[in-house]
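What follows is a single structure, written as structure tokens, with notes after it.
Bear in mind these aren't lab numbers, they're just calculated from the coordinates by the rules spelled out. Since this is a predicted model, take the numbers as computed values, not measurements. Positions of Cβ are backbone-derived with ideal geometry, glycine not excepted, and every protein chain shown enters the neighbour counts.
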Amino acid sequence: MKRSVSMFWFTAPALLVIVCFFVYPIALTVQMSFTDFKGVGASEFIGLDNYERFLNRSRYLNAVWTTLKFTFIVVAAQTLLGLMFAALLHRMPAIRNFCRAVLFTPAMMSFVIVGYVWQFIYSPYSGGLNALLTAVGLEGLTRGWLGDPNTALYAIAFTHVWMFVGYTTAIFLVGFASIPQDIEEAGRLDGASSWQRFRHLELPLLASSFTVNIILSTVGTLKTFELPFIMTRGGPDRATNTLSLEIVNNLFGSYKFGFASSLSIIMLFIVVAVAMIQNAYLRRQEQNA
């Protein structure tokens, strides 16, 4: 009994922080989502009107689809590239630390700086990407990357991957380091090539690294706001308009606090649902590996 009381007092500060800065804000947001609150003055209870508006307006459903599409592109590319870089660096210990630092550097930069730098790179007139394509004789591929609805989302996704692929690589490198040397040595003695060792020995043992990477990348990307806001403001033609942008626009642009709260709750449900489904599937894959 005394031990339980002691444990409670040790955890009480953390529980207080969680309640004040996590539970209470969510409860307040849920309550506000059923009102027409505009940030000032009194609010009126309107029931499920905000949620009905979300379901009845294609604009918001398209924002959800854009968010899911963007997340899939980023998570798939970031995971594959991170795995590739980690596998290469695992086999090149002489330059591993230097390359890991280089890959990790973009993640330490401000979203604002990264957004404006890549906005300049994608510029149709003075941007480095079009200049490079012209210099190598691929002028037909030049375009306004952020001004074309067919390429804008992919351009921002590439920037996001460039910024955070170092995180993914670092996690995979930890997974490679945890693989027992005896297993790799046994593979070499059996005459397995580097690709065969990777495919049949290392890849199954990286299951936990896949779980961590995919869940963290998915949750972070679903909530993404900074790069689409800085680089395109959700355009062109709402091609990069994510659910986070809709929340911010309704909150600070239209002062529809109640409706923005309902969008926030919907985003919370989407993030939790996707994370739970992924976690259940990936944990099952770990057990089967």
Hey, with R₀ at 51 Å, roughly what FRET efficiency would Tyr24 and Phe98 work out to, going by the Cβ-Cβ distance, to 0.05? 0.65
Pull up all non-local amide H partners of Thr35: gap of 5 or more, or a different chain, and H-to-H distance under 5 Å with H placed in the peptide plane. Ile46
Give the calculated FRET efficiency between Lys38 and Leu15 to the nearest 0.05, with a Förster radius of 25 Å applied to their Cβ-Cβ distance. 0.15
Assign one of three labels to the range 18-94, namely rounded, prolate or oblate, based on the Cα gyration tensor with a ≥ b ≥ c the square roots of its eigenvalues; rounded applies when a/c is under 1.5, prolate when it is not and a/b is larger than b/c, and oblate otherwise. oblate
Unit charges on C-beta of K, R, D, E only; dipole of the chain, Debye: 280
So for Ile183, Ile270, fewest C-beta neighbours within 10 Å to most, what's the order? Ile183, Ile270
Estimated FRET transfer efficiency when R0 is 22 angstrom, pair Val212-Asp182 (beta carbons, to 0.05): 0.35
Out of these labelled values of P(r) over Cα pairs in 10 Å bins from 0, in percent, (1) 7, 30, 35, 20, 7, 1; (2) 6, 29, 37, 23, 4, 0; (3) 6, 20, 26, 24, 16, 6, 1, 0, which was calculated from the coordinates shown here? (3)
So if each residue of separation counts as 0.36 nm, and I subtract the Cα-Cα distance between Val112 and Asp148, what length gain in nm does that give? 10.8 nm
Placing each pseudo-label 7 Å from Cα in the direction of the beta carbon, Glu286 and Glu226 end up separated by a distance in nanometres of 2.8
Inter-label distance for Trp195 and Ser58, nm, one decimal - labels placed 7 Å from Cα along Cα-to-Cβ: 4.7
Using the Kyte-Doolittle scale, find the helices of the chain whose mean hydropathy is at least 0.5 and whose Cα atoms extend 27 Å or more along the helix's long axis, counting only whole DSSP H runs. 58-90, 152-177, 257-288
Tell me whether the range 1-158 comes out rounded, prolate or oblate; compute the Cα gyration tensor, take square roots of the eigenvalues as a ≥ b ≥ c, and use a/c under 1.5 as the rounded threshold. oblate
With point charges of +1 on the Cβ of Lys and Arg and -1 on the Cβ of Asp and Glu, referenced to the Cα centre of the range 144-212, which listed residue (Val161, Ser178, Ser194) lies farthest in the positive direction of the dipole? Val161
